[in-house]
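The values are calculated or read from the model by the stated rules, or taken from the named source; none is laboratory data. Values in this document were obtained by computation on a predicted structure and should not be read as measured data. Every residue, glycine as well, gets a Cβ built from its backbone with ideal geometry; the counts of neighbours run over all protein chains shown.
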Amino acid sequence: MSKGRFGVHGGQYIPETLMNAVIELEQAYNKYKNDNAFEEELTELFNEYAGRPSRLYYAKHLTQKLGGAKIYLKREDLNHTGAHKINNVLGQVLLAKKMGKTRVIAETGAGQHGVATATAAALMGMECEVFMGEEDTKRQSLNVYKMRLLGAKVHPVATGTATLKDAVSETMREWTNRMEDTHYVLGSVMGPHPFPMIVRDFQAVISKEIKQQLLQKEGRLPDAVLACVGGGSNAIGAFYHFIEDSTVRLIGCEAAGRGIDTAETAATIATGRLGIFHGMKSYFCQDAYGQIAPVYSISAGLDYPGIGPEHAWLYDIGRAEYVAVTDEEAVEAFEFLSKTEGIIPAIESAHAVAHGIKMAPEMGKDKIMVINLSGRGDKDCVSVAKYRGEDIHE
Ligand SMILES: *Cc1c(COP(=O)(O)O)cnc(C)c1O
């Protein structure tokens, strides 16, 4: 496959002014990814700071209630800051530091990636500025507070719909303005090459651990690995080391919102078309004119109008399957997992749990399913309560 391409997807669809920055990044990454000292430093951060390896938990009660496949949960929710995002930001901020950068910038939607980046920047003594849609800064004031507490500066973005996609565009613009001392910490497996590769490599620790842990517990590979898909970083992280193992089904769970037959959806594979946006070719939700469509999901982490290019390719070649899960199904899974296992999942992760609940009874008891629990659900209690018609104070 040619450089930076996943089939027809990926590439570097960026203005000339940004080329030098991505070339510098690619060269630095190629150097450090084969550097033992870098690897050791990152492993130490993963283990001592983020709390890796995360547990692979046998969900006995869930398994018994559903009466089918044996279900394991990969507990990324137990990481420092409560999700898989820390894997990527520790890798990228360490890389930026090695490159001699003193400042990092990031986009954020609901604020999760902004908080993670601000965390890594505080740890490694980097200046940090986060771009966030103005609408989102109002809806997610707690995360705005956390970023400031961690020493970051938050810039509200008022252009377009004043949400995530506008924040990405603004962060790219800012990077163009100031690339000498600044690294752009992109939050998912998207954007121009080399970002989809870099973010995937830092998240691939998830499937590396699943493989080792399951071999130890069961002496074999899983039959299916499930993960929710926004941009696709936790999913590609959970899939990566199984791509060559053709017996392992890889299933990405997109946010259908109110349903894929409505306009209020964020299911890119189910409803999107090929396009070019944010520096990459991939599938995107679009209107009749080819403009990026506004997307909706109860889960703020999944309402991105595109999907990472490697997923688009895995879909094209039939190696991974993508299913759409509605708000209602995700909320039911959020409640069900809380009651059966005493684990409150992130509403994003609940999309994968929901599909696991559907699939497990159809699989034999001798089968094994792993669900990636990308994050914890404390942050979602207010909005799920509201969805159920309850008004609780934050
Ligand atoms: C951000 C987020 C996601 C979505 O991002 P991906 O890049 O698709 O993984 C999923 N789960 C949680 C908990 C998140 O915070």
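The table that follows gives values for the structure above.
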item: Matching residues in the stretch 214-232 - criterion: being more than 16 Å from the ligand (Cβ to nearest atom) and more than 12 Å from residue 372 (Cα to Cα); result: 214, 215, 216, 217, 218, 219, 220, 221, 222, 223
item: Selection count, the stretch 236-254, where residues are within 15 Å of the ligand (Cβ to nearest atom) and either among the aromatic types (Phe, Trp, Tyr) or out of contact with any strand residue (DSSP E or B) (no Cβ under 7 Å at 6 or more places or on another chain) (or both); result: 4
item: Filter pass, residue 322 being buried (at least 21 other Cβ atoms within 10 Å of the Cβ), of a type in the set (Ser, Thr, Tyr) and either part of a helix (DSSP H, G or I) or in contact with a helix residue (DSSP H, G or I) (Cβ under 7 Å, 6 or more places away or on another chain) (or both); result: yes
item: The stretch 191-214, residues that are touching a Pro at 6+ places or on another chain (Cβ under 6 Å) and surrounded by 24 or more Cβ atoms within 10 Å (Cβ to Cβ); result: 196
item: Test: residue in the stretch 215-227 that is under 28 Å from residue 332 (Cα atoms) and surrounded by fewer than 17 Cβ atoms within 10 Å (Cβ to Cβ); result: no
item: Entirely in the stretch 20-131, the helices (runs of 4 or more DSSP H) that have 3 or more residues that are within 13 Å of the ligand (Cβ to nearest atom) and of a type outside the set (Val, Ile, Thr); result: 85-98, 112-124
item: Top-ranked residue in the stretch 256-276 [being assigned to a helix (DSSP H, G or I) and not aliphatic (A, V, I, L, M); ranked as surrounded by the fewest Cβ atoms within 10 Å (Cβ to Cβ)]; result: 271
item: 1 or more residues modelled with pLDDT under 95 and within 24 Å of residue 322 (Cα to Cα): qualifying helices (runs of 4 or more DSSP H) within the stretch 155-241; result: 164-177
item: Lone unmet requirement of (1) within 13 Å of the ligand (Cβ to nearest atom); (2) of a type in the set (Phe, Trp, Tyr); (3) farther than 26 Å from residue 224 by Cα for residue 304; result: (3)
